[in-house]
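The values are calculated or read from the model by the stated rules, or taken from the named source; none is laboratory data. Since we're looking at a predicted model, the values are computed, not measured. Glycine gets a Cβ as well: all are built from the backbone with ideal geometry, and neighbour counts include every protein chain shown.
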Amino acid sequence: MSTLMHAAGVEAFGDPLRELELPRPVAKDGEVLVRVRAAAVNPADAGMVAGRYRWAEPVRFPLVPGYDVAGEDAATGAPVVAFTLHKATQRGGYAQFVALPADLVVPLPDGADPVAAAALPLAGLTAWQALDALGDGVRTLHVNGRGAVGAFAKALAPGRGLEVVDDGPVDAAVDVVGGERARQAFARVRDGGRYVTVVPEFWVPGGPFAAERGIGPRVVSARYDRTQLLGVVERFAAGTLRPAIGDVLPLAEAAEAHRRLSRGVRGKLVLEVGSA
């Protein structure tokens, strides 16, 4: 068995993604070696390779991006999905294998489509936590985007007793877009209502969101929670969450996936990773 694997990454911030041949990782005690079958492509990945993130430790190059992976536990063959927690681990999913702390890896149902499953972790956790941030007393909700996070928020809302509406005033809004559509979403919230955004640069104190309306915007940045990811997978297995996949590209076309991401895409881009 080869001690090397194929990956996609950069040698320096700002470089275009390119194919790499790297040592195959070895799982340490308390870790799982995941044989990656699919890795989702997220805007966060583009920010990562551009150098816009703060890591817990100095960045180690080559840098392999990727927060979301699905595949198998290489030791058992059991299907799994994982969140790489890249800011802390610096272990990315754009590779044939990734070794991760066991807490970051959760089981998938047998027969689950790894391409669809790879779209779950980051978007699913973000949507889950955005709804958590609304708090109690909310009945009607507006979500202003149809991307992965917006679609998941709309799908999860009814299970929390929330009615998602497209017209008229609402108790709360979740912004997943920013810009003018963030302002439009905010305008629909009743005075004293709730407003959550996952695009923090569009909330500036003293800016367009007037304090006199009694609405304090809450900013959500996804954090890892194993129980919540298990809940996301449970709803995926039940058919409540159905990721919309825009296109599937091979790992060798990771740079093209990032170019498409920069132009805007509908549906999730996923890299399909070949076996090693």
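Of note:
- Residues that are surrounded by fewer than 16 Cβ atoms within 10 Å (Cβ to Cβ) and within 15 Å of the chain's Cα centre (by Cα) within the range 84-116 comprise just one, K87.
- Close pairs from the range 76-94: first in a loop (DSSP other than H, G, I, E, B), partner of a type in the set (F, W, Y), Cβ under 9 Å, at least 6 apart: T84/Y67; L85/Y67; L85/Y224; Q90/W55; G92/Y67; G93/Y67
- Unique match (being touching a helix residue (DSSP H, G or I) at 6+ places or on another chain (Cβ under 6 Å) and more than 27 Å from G178 (Cα to Cα)) among V220, V273, V232: V273
- Residue that is modelled with the lowest pLDDT [pool: residues in the range 192-218 that are of a type in the set (A, V, I, L, M, F, W, C) and surrounded by 15 or more Cβ atoms within 10 Å (Cβ to Cβ)]: F202
- Only one of the numbered conditions (1) acidic (D, E); (2) modelled with pLDDT of 90 or more; (3) assigned to a helix (DSSP H, G or I) is violated by E180, and that is (2).
- Check on G111, in contact with an Asp or Glu (Cβ under 8 Å, 6 or more places away or on another chain) and part of a loop (DSSP other than H, G, I, E, B): no
- Residue in the range 27-42 that is in a loop (DSSP other than H, G, I, E, B), out of contact with any Pro (no Cβ under 8 Å at 6 or more places or on another chain) and crowded, with 21+ Cβ neighbours inside 10 Å present: yes
- Some residue of the range 240-247 being of a type in the set (D, E), in contact (Cβ under 8 Å) with a residue 60 or more places away in the chain and either surrounded by 15 or more Cβ atoms within 10 Å (Cβ to Cβ) or closer than 21 Å to G145 by Cβ (or both): no
- Matching entry among R54, R139, R160 (being closer than 24 Å to F13 by Cβ, of a type outside the set (G, A, S) and surrounded by fewer than 18 Cβ atoms within 10 Å (Cβ to Cβ)): R54
- All of (1) touching a residue at least 12 places away in the same chain (Cβ under 8 Å); (2) farther than 20 Å from S221 by Cα; (3) over 17 Å from the mean Cα position of the chain (by Cα) hold for H142 with one exception: (2).
- Hits in the range 219-276 (condition: in a helix (DSSP H, G or I) and charged (D, E, K, R)): R226, E234, R235, E253, E256, R259, R260, R263
- With respect to the stated conditions, G111 is assigned by TED's automatic domain parsing to the domain that holds G30 and among the small types (G, A, S).
- Checking each residue in the range 143-157 for being surrounded by fewer than 24 Cβ atoms within 10 Å (Cβ to Cβ) and aliphatic (A, V, I, L, M) picks out A151, A155, L156, A157.
- The single condition among (1) of a type in the set (A, V, I, L, M, F, W, C); (2) modelled with pLDDT under 95; (3) surrounded by 23 or more Cβ atoms within 10 Å (Cβ to Cβ) that A130 does not meet is (2).
- Search result, residues across the range 1-17 that are touching a strand residue (DSSP E or B) at 6+ places or on another chain (Cβ under 7 Å) and either exposed (fewer than 14 other Cβ atoms within 10 Å of the Cβ) or touching a residue at least 60 places away in the same chain (Cβ under 8 Å) (or both): T3, L4, M5, H6, A7, A8, G9, L17
- For the range 223-235, the condition of being outside the structural domain of D132 (by TED's automatic domain parsing), within 26 Å of A117 (Cα to Cα), surrounded by fewer than 20 Cβ atoms within 10 Å (Cβ to Cβ) and among the small types (G, A, S) holds for at least one residue.
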